[in-house]
Amino acid sequence: MKISLTQLQQLSTPVAAIVYSLERSIYQVYIRLPDGEALLTEDTGKAFQRRNLQSVREALLSQPVSMLQLRQHSAYDEMIGQPVREHDNLLQLPLSLEQYP
């Protein structure tokens, strides 16, 4: 499921945005909707990607976003040969919607 920046702007109620930290400082955003998470896209249909969190904040500043979270899945256990765990190796942190000074 996908949602464009224009479609996000048109939502009547604020939603949560989850920023996924991918390899080498690439950030993608998913929007939590009532029927699941949707990948945020540019109006061209291309996935919304930024190189730093400040750029993500700037792009979401005018959007109806009530909460911002950062998620990162770590492949560390796999890289060092640890056995597979029951639960994901997930780091999830709340982020401020405010800009850095």
Exercise. Just for the range 63-99: of the residues that are modelled with pLDDT of 90 or more and over 22 Å from Glu23 (Cα atoms), which one is surrounded by the most Cβ atoms within 10 Å (Cβ to Cβ)?
Worked result: Val65
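Name the residues in the range 11-41 that are surrounded by 11 or more Cβ atoms within 10 Å (Cβ to Cβ) and out of contact with any strand residue (DSSP E or B) (no Cβ under 7 Å at 6 or more places or on another chain), would you?
From the range 11-41, those surrounded by 11 or more Cβ atoms within 10 Å (Cβ to Cβ) are 11, 14-22, 26-33, 37-41; that's our starting set.
Of everything in the range 11-41, just one residue is surrounded by 11 or more Cβ atoms within 10 Å (Cβ to Cβ) and out of contact with any strand residue (DSSP E or B) (no Cβ under 7 Å at 6 or more places or on another chain), namely Leu11.
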Problem set entry | Output for the range 18-32, where each listed residue is touching a residue at least 24 places away in the same chain (Cβ under 8 Å) and either under 13 Å from Ser4 (Cα atoms) or in a loop (DSSP other than H, G, I, E, B) (or both) | Ser25, Val29, Ile31
Problem set entry | Selection from the range 1-43 of residues that are within 10 Å of the chain's Cα centre (by Cα) and among the polar types (S, T, N, Q) | Ser21, Gln28
Exercise. Among Thr44, Thr6, which is the only one that is touching an Asp or Glu at 6+ places or on another chain (Cβ under 8 Å) and over 18 Å from Gln92 (Cα atoms)?
Worked result: Thr6
Exercise. Which condition number in (1) part of a helix (DSSP H, G or I); (2) at pLDDT 95 or above; (3) loosely packed, with under 12 Cβ neighbours inside 10 Å is the one that Thr44 fails?
Worked result: (1)
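The values are calculated or read from the model by the stated rules, or taken from the named source; none is laboratory data. Fair warning: this is a prediction, and the values are worked out from it, not measured in the lab. As a convention, Cβ positions derive from the backbone with ideal geometry for all residues, glycine included, and neighbour counts pool all protein chains shown.
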